[in-house]
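Asks: First the structure, then my questions, so here it is.
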Amino acid sequence: MIFAYLCDKMITNYKMKKISGRIYYVGVNDDDKVLFEGLWPLPYGVSYNSYIVVDEKVALVDTVECGFEEEYIGQIREVLGDRPVDYLVVNHMEPDHSSLISLICADYPDVKIVVNAKTVPMIRGYHGTPDERLLVVGEGDSLNLGTCSLNFYMTPMVHWPETMVTWLPEEKTLFSGDAFGTFAAVADDPRDAADVFEQYRDEMIRYYSNIVGKYGVPVQAALKKLSGLPVERICSTHGPIWETCLSEVVGLYDKLSRYEVERGVCIVYGSMYGNTAAAADALAIELEKRGIPYAIHDLACNNAGELGLSGALRDVFKYDTIVVGSPTYNNGIFPPVETFMNALAARLIKGRRFYAFGSYTWAPASVRLLNERAETMGFELLGNGLPFPQAYDSQKCDMTKLAELLA
Ligand code: FEO
């Protein structure tokens, strides 16, 4: 789906785009990175979005990841010519957006860097930025650019403690940092269109669940704080600029941060010799027969194109039931499955139905331990689980009954 959008509309990468009378897009697509944050697969790439607001004064909003220096500066010069950048607004210090701060300081020696108090030690630590370069703003502060102004609102833990958003009322535009972001590169024209939200929906859920999923409460607080603004355009740091699909995007973030899910089953498993995998596949077949929505993820996969843990977390944020398969390994849970359970706990996942199964050879520990972990997280156990000895067969591990239970 995403490919259709990109292939139809992508003409050249790294080309400056005018978004409105005052706003220009100067972001880049990263099609080379394999794992975002060293963890999360990027089958469709990712964009690092940066924007320029051109008025009597010029403000750059966030930068991009290192490796794009030439393209990035080239785009800025294409917009500004010889005009200087007066302000660099740092909404977020994670290096995918802050890596080129030093480059901007070197190219524009008089630039003032707009930060909040929590950003100060981070920018010192990453870039050695001297205090005299910094313009420290707080909640509700405003920076006049001439005919328009930038207004700053703190949104801690969306995604780091220092995160803030920048509101440009004269353009009804919110520069939202990671909020409302998504994996997948953007088209040559990064503005959305009517069908773009549906094309990005899965990658937006995967981005939210992988990156921001731990912070549902702060995301809700930020949504509440910003709800009074008459936003007509969201310029996030990742993914399309949202204009046409604004209500769908905000609605999805609201739903995700409230941990709201639909009826359906997320089957996740790890398998050493294929027996737990066979049981997982048998369950998928039974769910399919009954028309029950489901997704299935192999947590121990090494196949290109499979999302493993990243996809499993995405679907945990979609469906109300988690069915986990793990063989007993060293009298415990198979390590990739243990990692998944830890990831659920880290994201404070709640309100899920849970069931466990898995093969063992001489001692059935994994299902018992999975149930204990699930109870600790407050999940509703749908039964004691299905540990089965040695090889899978449908007599030992009846997935028909389990599918009926899940219907
Ligand atoms: Fe895209 Fe939290 O950085």
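Read-outs: derived from the displayed coordinates by stated rules, not from any lab. These numbers were taken from a predicted model, which means no experiment stands behind them. Glycine gets a Cβ as well: all are built from the backbone with ideal geometry, and neighbour counts include every protein chain shown.
Asks: Given the criteria surrounded by fewer than 23 Cβ atoms within 10 Å (Cβ to Cβ), without any contact (Cβ under 8 Å) to a residue 40 or more places away in the chain and more than 20 Å from the chain's Cα centre (by Cα), does A300 qualify?
Replies: yes
Asks: Now for a separate question. Identify, from the list G264, G305, G311, the residue that is touching a residue at least 24 places away in the same chain (Cβ under 8 Å), part of a loop (DSSP other than H, G, I, E, B), within 23 Å of I205 (Cα to Cα) and not aromatic (F, W, Y).
Replies: Of G264, G305, G311, the one residue that is touching a residue at least 24 places away in the same chain (Cβ under 8 Å), part of a loop (DSSP other than H, G, I, E, B), within 23 Å of I205 (Cα to Cα) and not aromatic (F, W, Y) is G305.
Asks: Taking region 106-157 on its own, how many of its residues are of a type in the set (G, A, S) and in a loop (DSSP other than H, G, I, E, B)?
Replies: The number of residues fulfilling the criteria is 5.
Asks: State the number of residues belonging to region 30-82 that are in contact with a helix residue (DSSP H, G or I) (Cβ under 7 Å, 6 or more places away or on another chain) and basic (K, R).
Replies: Total satisfying the criteria: 0.
Asks: Same structure, new question: Of the conditions (1) hydrophobic (A, V, I, L, M, F, W, C); (2) touching a Cys at 6+ places or on another chain (Cβ under 9 Å); (3) over 18 Å from Y294 (Cβ atoms), M377 satisfies every one except a single condition; which number is it?
Replies: (2)
Asks: One residue is enough: does region 355-374 have a residue meeting the conditions surrounded by fewer than 21 Cβ atoms within 10 Å (Cβ to Cβ), in contact (Cβ under 8 Å) with a residue 60 or more places away in the chain and within 30 Å of the chain's Cα centre (by Cα)?
Replies: No: zero hits.
Asks: Check whether at least one residue in region 175-191 is part of a strand (DSSP E or B) and either among the charged types (D, E, K, R) or without any contact (Cβ under 8 Å) to a residue 12 or more places away in the chain (or both), and report yes or no.
Replies: Taking every residue of region 175-191 in turn, at least one turns out to be part of a strand (DSSP E or B) and either among the charged types (D, E, K, R) or without any contact (Cβ under 8 Å) to a residue 12 or more places away in the chain (or both).
Asks: A further question on this structure: Given the residues K289, K350, which is the only one that is surrounded by fewer than 21 Cβ atoms within 10 Å (Cβ to Cβ), in a loop (DSSP other than H, G, I, E, B), touching a residue at least 12 places away in the same chain (Cβ under 8 Å) and not small (G, A, S)?
Replies: K350
Asks: If only one of T119, T163, T182 is touching a Gly at 6+ places or on another chain (Cβ under 6 Å) and over 18 Å from L229 (Cβ atoms), which one is it?
Replies: Answer to the selection: T182.
Yes/no matrix, rows are residues, columns are (1) of a type in the set (S, T, N, Q); (2) more than 13 Å from the chain's Cα centre (by Cα); (3) surrounded by fewer than 17 Cβ atoms within 10 Å (Cβ to Cβ); (4) within 13 Å of the ligand (Cβ to nearest atom):
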position	(1), (2), (3), (4)
A179	no, no, no, yes
D188	no, yes, yes, no
G213	no, no, no, yes
K225	no, yes, yes, no
R233	no, yes, no, no
S236	yes, no, no, yes
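Rundown of residues vs (1) crowded, with 20+ Cβ neighbours inside 10 Å; (2) farther than 26 Å from V136 by Cα; (3) within 16 Å of the ligand (Cβ to nearest atom), yes/no style:
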{"residue": "T166", "(1), (2), (3)": "yes, no, yes"}
{"residue": "S176", "(1), (2), (3)": "yes, no, yes"}
{"residue": "D195", "(1), (2), (3)": "no, yes, no"}
{"residue": "R206", "(1), (2), (3)": "yes, yes, yes"}
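Asks: Out of the residues in region 222-233 that are part of a helix (DSSP H, G or I) and either touching a Cys at 6+ places or on another chain (Cβ under 6 Å) or touching a residue at least 24 places away in the same chain (Cβ under 8 Å) (or both), which is farthest from G251 (Cα to Cα)?
Replies: Of everything passing the filter in region 222-233, K225 is farthest from G251 (Cα to Cα).
Asks: Can you pull out the residues in region 293-320 that are touching a Leu at 6+ places or on another chain (Cβ under 6 Å) and under 21 Å from S394 (Cβ atoms)?
Replies: Y294
Asks: Can you pull out the residues in region 28-55 that are of a type in the set (D, E, K, R) and touching a Cys at 6+ places or on another chain (Cβ under 9 Å)?
Replies: Selection gives D55 alone.
Asks: Please give the strands (runs of 3 or more DSSP E) falling wholly within region 25-105 in which 1 or more residues are more than 16 Å from the ligand (Cβ to nearest atom) and buried (at least 23 other Cβ atoms within 10 Å of the Cβ).
Replies: 51-54, 58-61, 87-89
Asks: Considering (1) more than 13 Å from the ligand (Cβ to nearest atom); (2) in contact (Cβ under 8 Å) with a residue 40 or more places away in the chain, say which one T155 fails and leave the rest.
Replies: (1)
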